[in-house]
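One structure below.
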2 protein chains.
Amino acid sequence: MEKDLTTEGRILTAARSIFQQKGLAGARMQEIADEAGINKALLHYYFRSKDKLFERILEEAIGKFLPELFGVWEGEGNILEKIERFVHRYISFVAENPYVPSLILHELTINPEKAGMIRKMGFKPPKDKMMMEVMLGVQAGLIRPVHPMDLILNIISMCVFPVLARNMIQGVMLIDDLTYQEMIETRKKSVADFVIQSLRP
Amino acid sequence: MEKDLTTEGRILTAARSIFQQKGLAGARMQEIADEAGINKALLHYYFRSKDKLFERILEEAIGKFLPELFGVWEGEGNILEKIERFVHRYISFVAENPYVPSLILHELTINPEKAGMIRKMGFKPPKDKMMMEVMLGVQAGLIRPVHPMDLILNIISMCVFPVLARNMIQGVMLIDDLTYQEMIETRKKSVADFVIQSLRP
DNA sequence: AAATTGTTTAACTGTATGGTTAAATGTAAA
DNA sequence: TTTACATTTAACCATACAGTTAAACAATTT
């Protein structure tokens, strides 16, 4: 249980952790209360129901996740520089907030209609910008021609999956915590290299 | 509800589907019974408890997943050919059995200790073989030097993630079913190309 | 001091759900 | 036909859990 923060903050921190580990159905209000160092009555005093609490956490997760995801295309530099910056920032982000993709993945797998929430929150995937950026890179001779959506899927996969599936991969490959931690760290560079190497004309 | 198959088979099919969509905690025995076209009493007649049924499904999933994953390194050909074969086979496999990685991921995220089951089932990741194969490829001038574990993580990520996170990606990127289906299909080649391009010396 | 707000305690309600049971019915083989 | 197994029906039990309530206490503000 956290010492500092307000009670509401401690609840949110606890809820994030529990919901991420167990999902909506698997989480227990009592457990969240325990983790926050309070009791169930107070938990309901702050958040009327489990669903409301979960929705709050999910919205917060999406609100952190998407700007991070879409933001790259706004910055300076050519496509190679953007890729490098994106990979570094994105792996750092998911490594520090592993609950974010995990929650969204689980919830949207169970309940695909909830994707509507994304549009309601005003996010729009910058597909046009992506297309344009890749085309510019090709024309400038910086990269070979590729399908933009394929490229972006590849990059996101390599950034997110190793963090998202950490327990599974460690379990299957028998890798210890420290080694894995270091691997994630080195991947902030190596994934960008891997992509950039592949894009050589 | 399926017409053919034995009752046990229909139960397993139903359980796979429900457990994949909702996870262990979210699944309902009644729902599994309905999907199998039988009643709850008969479901318990075949599988004593939810946990037993789930364990059966999970073991089955791991038993399908790991041989597919580790099998590549046994076949003929140089590393580039193996990568090409692996990507094609692996994406085909996960596309046809999306429940497999989904189940394992969710369960091992919640319950990392269950990774022990993998060792108990006699699977061992062929790390040595992977190392050796990559080193041979480097020595033969087929590929540039890379960290084998990084490479394998990249490949697996690009194969599994787009299928695993399909709902999330479609929701975020606003891609319709058919388009996505086609993308998965083309990725059976394009991912291999992407990797092989990256590995050029 | 009084009022407001945050927090605890502890008991309680209602419901969803896993699991059981027993009796009846169907079905196929011995 | 008898035996054994498969399946249904329908009721039932026990438990876990979300959510409520009321009374008391603590802390802060007015």
Problem set entry | From the C-alpha gyration tensor of the range B:58-199, square roots of 5λ in Å | 25, 22, 12
Problem set entry | Relative contact order of the range A:1-150, defined on C-alpha pairs under 8 angstrom at six or more residues apart (%) | 22 percent
Problem set entry | ³J(HN,Hα) computed for each position of the range B:49-54 - Karplus, 6.51 cos²θ - 1.76 cosθ + 1.60, integer Hz, glycine/proline x | 9, 4, 4, 4, 4, 5
For this session: For A:Phe123, list long-range residues whose amide hydrogen, built 1.01 Å from N in the peptide plane, is under 5 Å from its own amide hydrogen.
Result: none
Seminar exercise, completed: If amide H atoms are modeled at 1.01 Å from N in the peptide plane, then the residues at a separation of 5 or more from A:Ile143, or on another chain, having amide H under 5 Å from its own are A:Val138
Exercise. Mind listing the phi-derived Karplus ³J(HN,Hα) values for the range B:188-195, rounded to whole Hz, using 6.51, -1.76 and 1.60 with θ = phi - 60°, and x for any glycine or proline?
Worked result: 4, 9, 5, 5, 4, 4, 4, 5
For this session: Quick one: with label points 7 Å out along Cα→Cβ, list the inter-copy distances for A:Lys114 in nm, shortest first?
Result: 1.9
Exercise. Nm distances between the label at A:Leu42 and the same-position labels in the remaining copies, 7 Å along Cα→Cβ, shortest first?
Worked result: 5.2
Exercise. Where the label is 7 Å out from Cα toward Cβ, how close does A:Gln139 come to the same position in every other copy, in nm, shortest first?
Worked result: 4.8
Exercise. Counting other Cβ atoms within 10 Å of each Cβ, which GluC sites (Glu not before Pro) in the range B:1-104 have at most 15 and sit in a DSSP loop?
Worked result: B:Glu2, B:Glu76
Exercise. Given R₀ = 35 Å, FRET efficiency for B:Thr179-A:Leu42 by Cβ-Cβ distance, to 0.05?
Worked result: 0.15
Seminar exercise, completed: Excluding residues fewer than 8 positions from B:Lys40 in its own chain, the lysines with Cα under 21 Å of it are B:Lys3, B:Lys22, B:Lys50, B:Lys52
Exercise. If you plug each phi of the range A:18-34 into the Karplus form 6.51 cos²θ - 1.76 cosθ + 1.60 with θ = phi - 60°, what whole-Hz ³J(HN,Hα) values come out, in order, with x for Gly and Pro?
Worked result: 5, 4, 5, 5, 10, x, 4, 5, x, 6, 10, 4, 4, 5, 4, 4, 4
Problem set entry | Computed over the protein assembly as shown, Cα set: Rg, Dmax in Å | 22.0, 68
Exercise. Summing -39500 (n - 2.57) over the DSSP H runs of n ≥ 4 in the protein assembly as shown and dividing by its residue number, what mean residue ellipticity at 222 nm do you reach, to the nearest 500 deg cm²/dmol?
Worked result: -24500 deg cm²/dmol
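Every read-out reported here was derived from the displayed coordinates using simple, explicitly stated rules and does not represent laboratory data. Quantities reported herein were computed from a predicted structural model and do not represent experimental measurements. Cβ atoms come from the backbone with ideal geometry, glycine included; neighbour counts cover every protein chain shown.
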